[in-house]
1. With every protein chain present, what is the per residue accessible area of the stretch B:66-220 (1.4 Å probe, Å²)?
2. Tally Lys/Arg at +1 and Asp/Glu at -1 over every other residue whose Cβ is under 15 Å from the Cβ of residue B:115; what's the total?
3. Per 0.36 nm of contour for each residue apart, how much would the distance between residue B:291 and residue B:195 grow if the chain were fully extended, relative to their Cα-Cα spacing?
4. Report the accessible surface area buried between chains A and B, summing both sides, using a 1.4 Å probe on protein heavy atoms only, in Å² rounded to the nearest 100.
5. I need the phi-derived Karplus couplings for the stretch B:25-31: 6.51 cos²θ - 1.76 cosθ + 1.60, θ = phi - 60°, integer Hz, Gly and Pro marked x.
6. What residues have an amide H closer than 5 Å to that of residue B:85, excluding those fewer than 5 places away on the same chain, when H is modeled at 1.01 Å from N in the peptide plane?
7. So which trypsin sites (Lys or Arg not before Pro) in the stretch A:59-167 are both in a DSSP loop and have at most 14 other Cβ atoms within 10 Å of their Cβ?
8. How crowded by other chains is B:29-39, given as the mean number of beta carbons from other chains within 10 Å of each beta carbon?
Amino acid sequence: MAAPESGDGNNGAARMVTLISSDNTRFEVEAAAASLSQTLQLTILDGGGGGGDGIPLPNVDSATLSKVLEYCIKHAPAAANGGAPNATAVDRAELERFDNEFVNIDQSVLYSLIMAAHNLEIEGLQSLVAKKVADMIKGKSPMEIRRTLGFPDPTPEEQAEMNAHMLEYGWAYE
Amino acid sequence: MAAPPPSDEETPPPVLEATLLPRLPDEILELIFLRVTSYAELARISTASTSFRRLILAPSFLRRHRARHPPLLLGTICCHFHPAEQPHPGARIGGSLVHLAAFSFNNYIPRGRWSRWDCRDIRDGRFLLMCDSRDWRRFVFPDLAVYDPLSKRYRLLPLVPDSLIASAQLQMNKIQHLEVLLVSSSGHTEEEEKSFQVIARTHGTERTVIFVFSSNTGHWIFGASIAWDDLRAAGLNLAPATPTGSLSLNYAQYDDHSSIYWKLDGSDNVLKFDVNEMEFSTMNLPPDHTRQSVAIFKAGEGRLAMFSHTPYTAYVNHYTIMQNGGGSATAEWQLENVIPLPCNCTFIGALQGYVFLLGYCHSKEETLVGMALYSLEVKTLKLERVHGMQNLDHGQSQHAYGSWLFS
């Protein structure tokens with residue numbers, strides 16, 4: 001990527017950008033990896049994020065951002081290949097293994113991650129976490145589903161309404 | 001039907017964990033629910049919270065979910081609903097629909113001019129019903145209705161106006177029978193999604209004529225007309241006409257909201273009606289297809305898929321072809337697979353993404369010991385037994401009923 005000035009002077013190396021988390025931690029990362037985010041891509045194309053400037057991300061804390069960047073760095077080469085028609089089966093299997101392990105994390109981290117992926121518009125990461133959460137609620141009772149998705153227990157009125165719908169969908173509970 | 005397990009009193013909730021988690025916003029919940037593949041699962045989620053229910057039943061969500069997941073085959077309709085049987089994946093839901101939905105449509109819609117309504121087609125969970133005079137000597141346009149068994153809502157169609165019949169230069173005494181098909185709109189908005197078209201094809205001694213009803217306008221219009229002699233003049237190698245002078249067309253197959261295909265009996269050709277352009281054309285089949293039944297589907301990436309079957313044999317040939325505008329002779333059908341069947345079968349129909357076969361199970365002594373309906377999924381080529389068949393059902397037209405539910 002031939003930017004007029006290449007970040008903090010790593011001549012010949014890939015262009016770097018700096019991202020700043022909500023708790024003011026600075027992350028230096030290759031522009032290609034950060035560009036997996038649709039939101040960041042435009043700023044980066046405009047030459048933003050280089051040098052001492054950095055791009056502030058007021059909605060993402062450092063723990064979440066470091067996890068997001070771990071994903072982006074791993075997926076950037078395949079994304080650069082345009083979905084990687086020439087990726088080998090080995091490469092694809094390795095990415096799949098990485099993905100499976102990557103979402104094998106605490107639920108609260110998972111939720112911060114999907115919110116960040118949504119804000120930053122990182123499609124692959126959104127999809128990966130959404131699939132993981134969909135698997136987590138599989139086979140659970142309605143009350144467990146609520147709790148898993150961070151919803152407080154229902155009021156008596158809501159409970160009554162839910163009970164009526166449960167009878168309507170009796171087949172779903174057999 | 002067992003009531004769902006009441007779960008709030010018994011299990012002490014992991015309160016701490018639950019209250020620490022952020023409540024996920026709607027757009028994130030949608031991303032998650034879109035990836036739920038099981039319909040039972042989606043139904044359970046919709047009963048967990050009023051906000052989940054609102055999200056899941058929103059037409060915009062259902063459209064996106066449908067675009068990702070095929071309908072679930074639940075059973076078939078001839079004179080009654082026959083649910084899929086275990087271990088078919090639609091068996092549980094299909095079984096409970098017997099009680100839930102109003103499949104006995106004759107109880108729910110007013111009588112037509114003659115005795116009873118019969119189901120003639122099913123598409124997107126809606127039935128196309130017909131009530132006809134059953135008078136073989138004199139053709140009369142039947143009453144038609146479109147009915148949704150889940151909502152019990154119906155719409156009676158107006159008659160095809162005499163002026164329209166006259167303008168199509170169609171003489172009633174030359175019509176032998178009428179075939180009707182339901183075509184759903186492939187629209188992207190809620191309005192477009194609920195709209196439908198009914199294709200009525202008159203089959204006569206000299207020609208076949210199509211009239212099209214649109215739910216949006218509420219009117220019938222002339223679709224297209226083609227004379228048997230024109231097909232012969234176009235050089236098609238057609239079988240001799242029946243004693244009455246008409247050609248025999250095999251049942252129609254259509255899948256993609258835009259084209260309907262009829263196999264021309266005794267020939268290597270199909271007759272195609274383009275619903276958007278409102279015109280007929282013909283398409284060549286591979287050689288030696290005079291006796292075969294075929295079902296044609298859109299296969300993605302500009303290809304068509306065709307399933308071709310010789311009646312009373314135990315295999316299906318799967319072909320594909322590159323689709324091109326004018327149906328030119330350059331593209332050739334490619335044989336992709338030969339799919340073995342568990343017994344000798346006949347084709348009996350197709351529904352969004354499935355071909356249906358009636359299987360005849362014979363004993364070693366070659367006596368018929370039972371019949372069963374099989375579905376072949378177009379995308380995965382997966383063959384599944386839907387349900388057994390009574391001898392009684394044999395010979396009556398069967399219509400597969402599948403649904404995305406929540407429609």
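1. On the way: 7400 Å² over 155 residues.
Dividing the accessible area of the stretch B:66-220 by its residue count gives 48 Å².
2. Values: positive: B:111, B:113, B:116, B:134; negative: B:118, B:132, B:135, B:143.
Around residue B:115, the surrounding residues sum to 0.
3. Contour length minus the Cα-Cα distance gives 30.9 nm.
4. 4000
5. x, 3, 5, 6, 4, 4, 4
6. B:387
7. Passing both the DSSP loop test and the Cβ count: A:138.
8. Per residue, the average neighbour count from other chains is 6.
The values are calculated or read from the model by the stated rules, or taken from the named source; none is laboratory data. All figures in this text were calculated on a predicted structure; none of them were measured in a lab. We place every Cβ from the backbone using ideal geometry, glycine too, and count neighbours over all the protein chains shown. Ligands, DNA and RNA are excluded from the accessible area calculation, which covers all protein heavy atoms including side chains. Shrake-Rupley method; radii C 1.70, N 1.55, O 1.52, S 1.80 Å.
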